[in-house]
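The structure appears below as C-alpha cells.
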Amino acid sequence: MLIDRRQLLTGAAALAPLVIAGRAFAAPQAGSRMLVVFLRGAYDAANIIAPTGSDFYHASRPTIALGKPNPADPNAPLALDADWSLHPALKESIYPLWQKQQIAFVPFVGTDDMSRSHFETQDTIELGQPIGGHRDYNSGFMARLAAALGQDKPIAFTDQLPLCFRGGPVIPNVGLGAIGSKPAVPAKDAALITQMYRGTHNGAADLGSAVAEGFQVRDSVFRTVDEEMQQASRGAVSPKGFELSARRIGALMRDQFNLAFVDVGGWDTHVNQGGAQGYLATHIGELGRGLAGFAEAIGPDAWQHTTVVVVSEFGRTFHENGDKGTDHGHGSIYWVLGGGVKGGRITGPQVALSQVTLNQGRDLPVLTDYRALLGGLAARQFGLAPNRLGSVFAGVVPADLALV
C-alpha cells in the first residue's frame, strides 16, 4: 500500500500523525526503535571492515585490498583493533560513531542459504524462515515482529511493500525515489572527444576510430553491468538516494514510527570495484553519510533508544576475480549502531582467515546465523519474551551479544 510521497516527505508530514486504513500511527513517547537497512546486491564487506592485520587478505586481493593503517595517509584504513580496519571513506561519518562506542561490527554472519543467488538469498533474509522447508511468502520476519510487538508504528521506505513486511498488521510504505547512476562520460562529451581524434593516426592506427570503438565498448559494458546490478538491487534506492533521504527517515522515525525497513542497491561489484578509491568507496561513503545524517536527524533522545542494523544477503569472494572485482560469496559483516549500542568492538564468533578456514575455499564462513543475531537484538531492544520471539524466528536460539 503506497502513501502519497508528497504527504510523507514534507515538513508537515514529519510532525503530524498519519492515518492509514482508518488507523492512527501516533508518535512513540519514549519507546525503542529499530531500522533495518538492507544492502541489496551483496556488498563486499571484507573491503569495508577489512582484515588488514592478515597477510592472507593482502595476498588474496593484490589490486583492491586496502593498505595497512597509517595516520599520515588519508587513503589508509582506520584501525579498529589489531586485526580489523575501517574503510577510509567512512572516516568522517562512521568512525566518529566507533569512537563514541555507538557502532559494532559482527563478522562471519549470514544465512545457511548456499545458492549464491541474489533473489533466493534476499528472500531467505526477508522471510526469516528455515531453509529447506515450505516457504510462506505471506509471512515476512518484520511483519511477524510487528505483530509480536503489538504496536502500530511500522513503515517500509520502499516503492513496494517488501517481502519482509508481508503478512501481519497493515504496513505503510513510501518510496524514496531511486537516483540512478550514469556512465562516467556522458554521450555528448564522448562525441566531442571522438571528434577531436578524428583523422589522427598513431602509425597505421586511426585514433578516431579507436576512440569511438572504446566508447562503444565502455557503454556496452556499462549497460550490461548496470542491468545486472539493477536486477540484483530489486528496485532499491541508490546509495546517493539513501544519503539524500536518510534525514527524512530520521525525522519520521523520531516523530511517528518505531520499526522501519529501507533497502539500498548498487553493491554487486563484479568489475573494477576499487580499493581505497573507486566505485565501492564512493557508494560506501554515501551510505555512511546517510547513516550519520539519520542519527543526527532523529535527535539525541530518540537516538539513545534506536538500533540500526545494516545487513546484506551474502558476502563476496575473498579472492578478487580477474576483472578486479569480487563475485557472489557467503558470509558477510553486519553493522549494529545506535545511541544505546554497546559498540566500539568487533563481536561474535571469529576465525583466523586462511585458505583452509574459508567456506569452500572462497568465501567468509557463517559463524553467526542472521536470525539469531536479529532475534537477540529484538529481544533486548523491545523486551520480547521468548514465546513472542519464537513467533518471529521459530526454532532459533537468539544470540545475545550484549549489544543493546
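Net charge of the neighbourhood of Phe382, taken over other residues with C-beta under 10 Å away and scored Lys/Arg +1, Asp/Glu -1, is +3.
In this structure the amide hydrogen of Thr306, modeled in the peptide plane, comes within under 5 Å of the amide hydrogens of Arg33, Gly339, Gly340, none closer than 5 places in sequence on its chain.
Using Cα-only point scatterers and the Debye equation, what is log10 of I(q)/I(0) for region 241-371 at each q in 0.11, 0.15, 0.19 Å⁻¹, rounded to two decimals? Debye curve over Cα of region 241-371, log10 I(q)/I(0) at q = 0.11, 0.15, 0.19 Å⁻¹: -0.49, -0.86, -1.18.
Under the simplified labelling scheme, the Ile131-Gln360 pair shows an inter-label distance of 1.0 nm, with each label point 7 Å from Cα along Cα→Cβ. Across region 359-404, Cα-Cα pairs more than 13 Å apart make up 54 percent of the total. Spherically averaged projected area of the convex hull of Cα atoms, region 277-351: 6.5 nm².
Taking amide H atoms as placed 1.01 Å from N in the peptide plane, the amide H of Leu176 lies under 5 Å from those of Asp159, each 5 or more residues away in sequence or on another chain. Once both labels are positioned 7 Å from their Cα atoms along Cα-to-Cβ, the gap between Glu120 and Thr200 label points is 5.0 nm. Annotation: amide H of His330 within the under-5 Å range of Gly315, Arg316, Leu364, sequence separation 5 or more or interchain, hydrogens built in the peptide plane. At an R0 of 25 angstrom, the distance between the Cβ atoms of Leu367 and Asn272 translates into a FRET efficiency of 0.25.
All of the numbers you see were taken from the coordinates with simple rules; none came from a lab. Computed from a predicted model, the values in this text were never measured in an experiment. Cβ atoms come from the backbone with ideal geometry, glycine included; neighbour counts cover every protein chain shown.
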